[in-house]
Amino acid sequence: MSVASPNNTAAFMADLKAKNAAEPEFHQAVHEVVESLEDFLNEHPKYRHARILERIVEPERVIMFRIPWVNDKGIMCVNRGYRIEMNSAIGPYKGGLRFHPTVTLGVLKFLAFEQVFKNSLTTLPMGGGKGGSDFDPKGKSDNEVMRFCQSFMTELYRHIGPNTDIPAGDIGVGGREIGFLFGQYKRIRNEFTGVLTGKGLNWGGSLIRPEATGYGNVYFAREMLKTKNEDFDGKKILVSGSGNVAQYTVQKVTQLGGKVITLSDSSGYILDPDGIDDKKLEYVMHLKNNKRGRIEEYAKKYGVSYFKNKRPWSEKGDIALPSATQNEIDEADALALIANGCICVSEGANMPSSPEAIHVFIKNKILFGPGKAANAGGVAVSGLEMTQNSMRLSWTREEIDERLQAIMRQIHSTCCSYGKNENGFINYINGANIGGFVKVADAMMAQGAV
Ligand code: NDP
Ligand code: 2IT
């Protein structure tokens, strides 16, 4: 038999690693899910009999393509593009595009795999996908980014569509890139449809989509804190990253009375003990979204400390909201957070905590919200953007924010119902993995050999 014995996690993982060599992030993401599901699948053998695990780790389709483009000096450049269409059991493939030099097939497969569970948790009818390129937007002119995006879409357009596969943003893909991608799709197909989310407000975008991931993570953390009769008021918060997710995390935390004291980028972090207030956040947004500068400039402007090539996790904070990238919290970072009295870690980024770090959090029984639950607000509002596009109308800010809050409360309660241990401790990882799995697995069973 080519597949491992279905009720043995070690054998299953050995088989997966052999079949998907050199994809460590994908192995990591699958291992976490398989571990969470072990007891649940033993209690519900129908999923093992139907070989749902073996099927769910296999993408329905992987598209890999060449992206030729010409830079401002007239030199021909070439990058690699991908779209992983992971699972369409409960809706069309849905998930972001990442443009970053660290993008590989394995990174995108981990992201697509997590997206399947995340999208299921949102309560909306969306399957899972992810895509992107090893293109590095840093230091490129607007024209170079535009030519790259046009070339990327010139291949991708044939694989996507508003009822098939709906990409959005992720690292390195924001409003500017979605604009260029949408423009090219519209030219080639000669149709104006909701084929991408994260669009501009006056051409089919949704209010609150830029804010949704950061706000959603703070709403999710607020639900976790409530279970301990805690809230954000007066708390010190450590945030990493300084892009889309980090920026709106800062905004919402501040509105709820918390004080964010750190931000970072891939070069280092800043520590502002007085807190990053609305005025300073406005500066960060201009610095990152328009000037496309480095966070070090914040330290110079406000006379605060900057730590080159370091991450913020050794600072003293009550709550940590990692919002940069995968595996940015290792075991030593997790131990430092615990030693400094951190009571809650909620993941704005995808898989920012290493397995060893997660072990430390669970062992110390702090509130730990895994990305596929905590950062689902972004794709949830993407789902609401799709709904508005289909109805050809737009909802108000208040209406969307209300729906976002309701979805994050629902995800929290799904995690509690599937993740509560006998001693009352809520293991949000198990809750998110099992809660996300059931809906997709049941749909796959109903649809036969898919
Ligand atoms: P942005 O591109 O807007 O910002 C990314 C931030 O993370 C930047 O500050 C960047 O620094 C930093 N960063 C990126 N790569 C690394 C790295 N290898 N090491 C250290 N820092 C790094 O992306 P987003 O804010 O959209 O995404 C942040 C995280 O949130 C990602 O994990 C993404 O998958 C996740 N996410 C995003 C959603 C969305 O809707 N945008 C939804 C759900 C999750 P630098 O400028 O130096 O590169
Ligand atoms: O990781 C994610 O959930 C995203 N980057 C957002 C995906 C989306 O389709 O809005």
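The values are calculated or read from the model by the stated rules, or taken from the named source; none is laboratory data. Because the structure is a prediction, the values reported are computed rather than measured. Note that each Cβ is placed from the backbone with ideal geometry, even for glycine, and that neighbours are counted across all protein chains shown. Accessible surface is based on the protein model in full, side chains and every heavy atom, while ligands, DNA and RNA are left aside. Shrake-Rupley method; radii C 1.70, N 1.55, O 1.52, S 1.80 Å.
The figures follow:
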quantity: Packing-based order for 114-123, 55-64, 261-270, using average beta carbon neighbours within 10 Å, highest first; calculated: 114-123, 261-270, 55-64
quantity: Trypsin sites (Lys or Arg not before Pro) lying in DSSP loop within the stretch 318-410, provided at most 16 other Cβ fall within 10 Å; calculated: K365, R392
quantity: Helix-only CD estimate at 222 nm, as mean residue ellipticity for the chain, using -39500 (n - 2.57) per DSSP H run (n ≥ 4); calculated: -15000 deg cm²/dmol
quantity: Accessible heavy-atom area order of S242, S305, highest first, probe of 1.4 Å; calculated: S305, S242
quantity: The stretch 98-150 versus the stretch 327-401: alpha-carbon centroid distance in Å; calculated: 17
quantity: The stretch 347-450, dipole about Cα centre (Lys/Arg Cβ +1, Asp/Glu Cβ -1), debye to the nearest 20; calculated: 140
quantity: Loop-located GluC sites (Glu not before Pro) in the stretch 295-342 whose Cβ has at most 12 other Cβ within 10 Å (DSSP); calculated: none
quantity: Accessible area expressed per residue, the stretch 291-353, with surrounding protein chains retained (probe 1.4 Å, Å²); calculated: 43
quantity: Of all accessible heavy-atom area on the chain, the percent that carbon and sulfur account for (1.4 Å); calculated: 50
quantity: Lysine-lysine proximity count for the stretch 1-139, Cα under 19 Å, sequence distance 8 or more or distinct chains; calculated: 9
quantity: Sequence-separation-based contact order of the chain, relative, with Cα cut under 8 Å and 6+ spacing, percent; calculated: 15
quantity: Relative contact order %, the stretch 138-215, counting alpha carbon pairs below 8 Å whose residues are six or more apart; calculated: 29
quantity: The stretch 59-127, accessible area per residue, ligands and nucleic acids excluded (1.4 Å, Å²); calculated: 34
quantity: For the chain, built as a Gaussian network whose Cα springs stay under 10 Å, the top-fluctuating residue of A374, A324, A18; calculated: A18
quantity: Å² per residue, accessible surface of the stretch 357-402 at 1.4 Å; calculated: 40
quantity: The stretch 217-314 - percent relative contact order, Cα under 8 Å, separation 6 or more; calculated: 27
quantity: Computed accessible area, S323, all protein chains, 1.4 angstrom probe, square angstrom; calculated: 10
